[in-house]
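Only one structure is covered here, and it is reproduced in the block below.
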Amino acid sequence: MALLPFSRKTNAAPPPVNRAIEALMQGYSIEVMPRTAAKIDDFRALLPAGTRVYIAHIEGTDIDEMVQTARRLNAAGMTVMPHFPARIIADKRMLGDWIARYQGEADIRQGLILAGNPASQSGAFESSMQLLETGLFDAAGFQRLHVAGHPEGNRDIDPDGSDTNVMAALKWKQMFAERTDARMALATQFCFEAKPVIAWVDALTKAGIDLPVHIGIAGPARLQTLIKFAIACGVGPSMRVLQKRAMDVTKLVLPYEPTDIIRDLAAHKAANPDFNVEAVHIFPLGGITKSSEWAVANGGSSSVPAIYSSKASQ
């Protein structure tokens, strides 16, 4: 019996688009450091125009490097948001100088205001609230001020494992947003599981805190890399996702991708439109190229869909 001819299909159709994931990934942001940004020839080849790019200010990084990176990203058409870490800023004069340089040399009007990594302050400031209280950002006409969020708690702020001090700080920031013209949002630590994120966001809403949440996720990376950063950054219960993956020999050598947490958050957002996660923020722990490729492949763009607050696009 003759065999029927068989031709292999070489141009398979792409997988169907998950509209919920695509909606969640619109308006995503990403983070760089000056030393990693210096290795990128052209950010326009990696990121959609207008993408919000945070510039992490690690202790020991010179402000000249920060401003130069901000200027370069701005020239590439990105929306630039440098870090202002309270504990490495000596005094109000230094803060004012940073703000003036970012504005004058890189046309920056946004900032992520946070305490920073050092365990103790090196100058006049210890917390993001003290930076905000100076009034310098308002006087300089900064249009957006993001502050840190911790879905799984923060042992530096609440050593007893509770959320008492974290919640008190968030309520203060909520009131600050209400009495000023600042457009604010919470940019969070990265997580690996949707369930604790959903519980935390719902708890904020119940407490009257409606600052939009920009949820942090880790971009594609080797498992060993993620575990190292997760331990260093104090990631909480969702780290069990990595631990479980480490026990599966079939996945041990494969790079991690944040597909599961994004899928679960997107599904929850689609079913609960008032769920206050407004955008996704990517920590490119495995490299900005891998993270940006993953983001675009999953519908990421710089535009913010109408289902989200109009504040997100400003």
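Every test in (1) at pLDDT 60 or above; (2) touching a helix residue (DSSP H, G or I) at 6+ places or on another chain (Cβ under 9 Å); (3) surrounded by 15 or more Cβ atoms within 10 Å (Cβ to Cβ); (4) outside any helix (DSSP H, G or I) is passed by LEU254 save one, and that test is (3). Within the stretch 135-156, does at least one residue satisfy the condition of being closer than 28 Å to ILE209 by Cα, among the aromatic types (Phe, Trp, Tyr) and within 21 Å of the chain's Cα centre (by Cα)? Checked against the condition, which is being closer than 28 Å to ILE209 by Cα, among the aromatic types (Phe, Trp, Tyr) and within 21 Å of the chain's Cα centre (by Cα), the stretch 135-156 yields at least one hit.
What are the residues in the stretch 289-314 that are in a loop (DSSP other than H, G, I, E, B) and either in contact with a helix residue (DSSP H, G or I) (Cβ under 8 Å, 6 or more places away or on another chain) or at pLDDT 50 or above (or both), if any? Write out each step before concluding.
In the first step, residues of the stretch 289-314 are kept if they are in a loop (DSSP other than H, G, I, E, B); the result is 298-300, 302-309, 314.
Result: ASN298, GLY299, GLY300, SER302, SER303, VAL304, PRO305, ILE307.
So which residues in the stretch 102-127 are in contact with a strand residue (DSSP E or B) (Cβ under 8 Å, 6 or more places away or on another chain), modelled with pLDDT of 95 or more and among the small types (Gly, Ala, Ser)? Answer for the stretch 102-127, where residues must be in contact with a strand residue (DSSP E or B) (Cβ under 8 Å, 6 or more places away or on another chain), modelled with pLDDT of 95 or more and among the small types (Gly, Ala, Ser): ALA106, GLY111. Checking VAL235, VAL197, VAL241 one by one, the residue that is at pLDDT 75 or above, surrounded by 13 or more Cβ atoms within 10 Å (Cβ to Cβ) and either closer than 30 Å to VAL296 by Cβ or not polar (S, T, N, Q) (or both) is VAL197 and no other. All of (1) closer than 14 Å to MET33 by Cα; (2) touching a residue at least 12 places away in the same chain (Cβ under 8 Å); (3) not hydroxyl-bearing (Ser, Thr, Tyr) hold for ASP62 with one exception: (2).
Restricting the first member to the stretch 259-288 and to residues that are closer than 19 Å to ARG52 by Cα and modelled with pLDDT under 95, and the second to residues that are acidic (Asp, Glu) and not in a loop (DSSP other than H, G, I, E, B), the beta-carbon pairs closer than 7 Å and six or more apart or on different chains are PHE283/GLU31; PRO284/GLU31.
The values are calculated or read from the model by the stated rules, or taken from the named source; none is laboratory data. Fair warning: this is a prediction, and the values are worked out from it, not measured in the lab. For neighbour counting, all protein chains shown are included, and Cβ atoms are generated from backbone atoms with ideal geometry for every residue, glycine included.
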